[in-house]
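Following: one structure in C-alpha cells, then a few remarks.
The values are calculated or read from the model by the stated rules, or taken from the named source; none is laboratory data. In this text, all values refer to a predicted model and were calculated from it rather than measured experimentally. Quick reminder, even Gly has a Cβ in these numbers, built from the backbone with ideal geometry, and neighbours come from all protein chains shown. These area figures cover heavy atoms from the full protein model, side chains too; ligands, DNA and RNA do not enter into them. Shrake-Rupley method; radii C 1.70, N 1.55, O 1.52, S 1.80 Å.
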Amino acid sequence: MTVQLRVLIVEGDQPLALQTSRYLVHHGLAAHWCGDGQSAMSALRDQTWDVVLLDLTLPDSDGLAVCQRIRLRWHLPIIAVSRACADAEKVAALEAGADDHLTIPFSFPELLARVRAVARRARGNVVPAGQTVQVGPLLLEAAALRVTLDARPVAVTSYEFALLWALAQAAGKVITRDRLLELTRDNSDEVFDRSIDVNISRLRQKLGDDPRQPRLIKTVRGEGYLLADEGRGPRKL
C-alpha cells in the first residue's frame, strides 16, 4: 500500500494555493492550505506533514524567517517558492533551511516531481536503507537520516544528509562539486550548482567546523571537498 503524502501549502496567493492543492490532490496527495505564517505554525504543531511548500512572500511574516523557525523545530522537507529567479534568492532560501526552491511561475508537473523527490529523500531513499557508517567521531545512520558527532545529535535536512553521506562513502578522498551534484541529485529533482557550496557551509556550521580551518569537511581548492578520516577511512557498522 502506498502511503499518501501530506503536503502543507503555505501560500499568500489564494488562487495559486487552490490550484496547487487541487493538482496535488488529483495526483493522489493530501494537501492543506495556510495563508500566512502564523496559521502554518499552528498546522505544523497540530498535525504531521511530509513536505512543506513555503511561499517566501507571506502577508504576515518574512518567509525566510518562517523557514528558519520551521527548520529549528521540525525535521521535514521544505520547498521554498518565490517570484525571484536570481541565484541570491535561491541561496537565501537554502541558507534559511529549505531543501529545494521553485520560482513562480512553475509547472505543476515539476512541482509534483520535486515534492515526491524531497519526500523520498526524507524517507531514507537517498542512501541504502539500514546502513550505518562511522568516520572518526561522525556517525551516520541511514534508516533514520540521523547524524551524531561525538555522540551528540546534529539536526540536518534530508539533502544535507545525502551530501554528508556521499562524502563519508569516500572519506579521505576528494570529491568534485560536479560529482557531488550527481550523487545527491534525485532523477526527478534538479539541484543548482551553488547548492553544494551553500549546504557545505551549513553542514560546517552544524558540525561546529571552523570554515577557515575545518577539521572535518575540507576544501581542496580547485578540486572539491573531502571528509577527513584521519587515515582510517569509512567504517560500515
Just for helices (runs of 4 or more DSSP H) wholly inside the range 8-83: which have at least 1 residues that are open to solvent by less than 10 Å² (accessible area, probe 1.4 Å) and in contact (Cβ under 8 Å) with a residue 40 or more places away in the chain? 14-26, 63-73
Say whether the condition of being modelled with pLDDT of 80 or more, open to solvent by 60 Å² or more (accessible area, probe 1.4 Å) and more than 21 Å from ILE78 (Cβ to Cβ) is met by at least one residue in the range 182-197. no
Kindly establish whether LEU58 is under 23 Å from the mean Cα position of the chain (by Cα) and within 16 Å of ILE104 (Cβ to Cβ). yes
The number of residues in the range 82-111 that are closer than 14 Å to THR20 by Cβ and in contact with a Pro (Cβ under 8 Å, 6 or more places away or on another chain) is 0
List the residue pairs whose Cβ atoms are under 8 Å apart, where the first residue sits in the range 208-222 and is in contact (Cβ under 8 Å) with a residue 12 or more places away in the chain and open to solvent by less than 90 Å² (accessible area, probe 1.4 Å), the second is part of a loop (DSSP other than H, G, I, E, B) and of a type in the set (Val, Ile, Thr), and the two are 6 or more positions apart or on different chains. VAL220/VAL174
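Residues are listed down the side, and each one gets a yes or a no for (1) over 12 Å from the mean Cα position of the chain (by Cα); (2) modelled with pLDDT of 90 or more; (3) closer than 21 Å to TRP74 by Cα:
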position	(1), (2), (3)
ASP87	yes, no, no
GLU110	yes, yes, no
LEU145	no, no, yes
THR148	yes, yes, yes
THR157	no, no, yes
PHE161	no, no, yes
ALA166	yes, no, no
ASP178	yes, no, no
If I ask for residues that are out of contact with any strand residue (DSSP E or B) (no Cβ under 7 Å at 6 or more places or on another chain), part of a loop (DSSP other than H, G, I, E, B) and surrounded by fewer than 16 Cβ atoms within 10 Å (Cβ to Cβ), which ones from the range 85-114 would you list? ALA86, PRO105, PHE106, SER107
